[in-house]
């Protein structure tokens, strides 16, 4: 009985992992056009929405640690999409702010969600159930 639990097809984590990997692969050609990786893209999505926030909060939004975020943010800064500055109130706090060039990138990326949606061929109702289920899992794990 215990051996059955070690079969790949009995693992919930495997289809989640494989599906995430395959979905991210679908993004690649569109993100290559705007010279972003998937992780840079989701970072920019948060910044298009929030405009400015500290690295710790950004990491929480993306479920990423500072070791992953730091090189990513340096690259985005080098590309001119963001600026990183120490907080005046607390030097330990690093603030990330979107630049004008970063805002302009949003227009170039605006059709990517529709293009990805067309690849999925998943009815909206099923997509909503999946979305809700995945966030319920994420929130339970994060708590």
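Any residue at all in the stretch 48-59 that's surrounded by 14 or more Cβ atoms within 10 Å (Cβ to Cβ), under 22 Å from residue 16 (Cβ atoms), at pLDDT 95 or above and in contact with a helix residue (DSSP H, G or I) (Cβ under 6 Å, 6 or more places away or on another chain)? Looking for residues that are surrounded by 14 or more Cβ atoms within 10 Å (Cβ to Cβ), under 22 Å from residue 16 (Cβ atoms), at pLDDT 95 or above and in contact with a helix residue (DSSP H, G or I) (Cβ under 6 Å, 6 or more places away or on another chain), one finds at least one in the stretch 48-59, hence yes. Among the residues that make up the stretch 84-103, is at least one of them on the phi < 0 side of the Ramachandran plot, under 15 Å from the mean Cα position of the chain (by Cα) and either without any contact (Cβ under 8 Å) to a residue 24 or more places away in the chain or surrounded by fewer than 13 Cβ atoms within 10 Å (Cβ to Cβ) (or both)? No, the stretch 84-103 contains no residue that is on the phi < 0 side of the Ramachandran plot, under 15 Å from the mean Cα position of the chain (by Cα) and either without any contact (Cβ under 8 Å) to a residue 24 or more places away in the chain or surrounded by fewer than 13 Cβ atoms within 10 Å (Cβ to Cβ) (or both).
Pick out the one residue from 99, 37 that is at pLDDT 95 or above and within 28 Å of residue 133 (Cα to Cα).
None of the others qualify; the one that does is 37.
Among the numbered conditions (1) under 22 Å from residue 137 (Cα atoms); (2) without any contact (Cβ under 8 Å) to a residue 60 or more places away in the chain; (3) out of contact with any strand residue (DSSP E or B) (no Cβ under 7 Å at 6 or more places or on another chain), the only one that residue 58 does not meet is (3). A Cβ distance below 8 Å, combined with a sequence gap of six or more or placement on separate chains, defines the contacts here; from the stretch 23-39, residues that are without any contact (Cβ under 8 Å) to a residue 40 or more places away in the chain reach residues that are assigned to a loop (DSSP other than H, G, I, E, B) and surrounded by 15 or more Cβ atoms within 10 Å (Cβ to Cβ) in the pairs 39/64.
The values are calculated or read from the model by the stated rules, or taken from the named source; none is laboratory data. All of these numbers come straight from a predicted model, not from anything done at the bench. Counting neighbours? That spans all protein chains shown, and the Cβs are built from the backbone with ideal geometry, glycine included.
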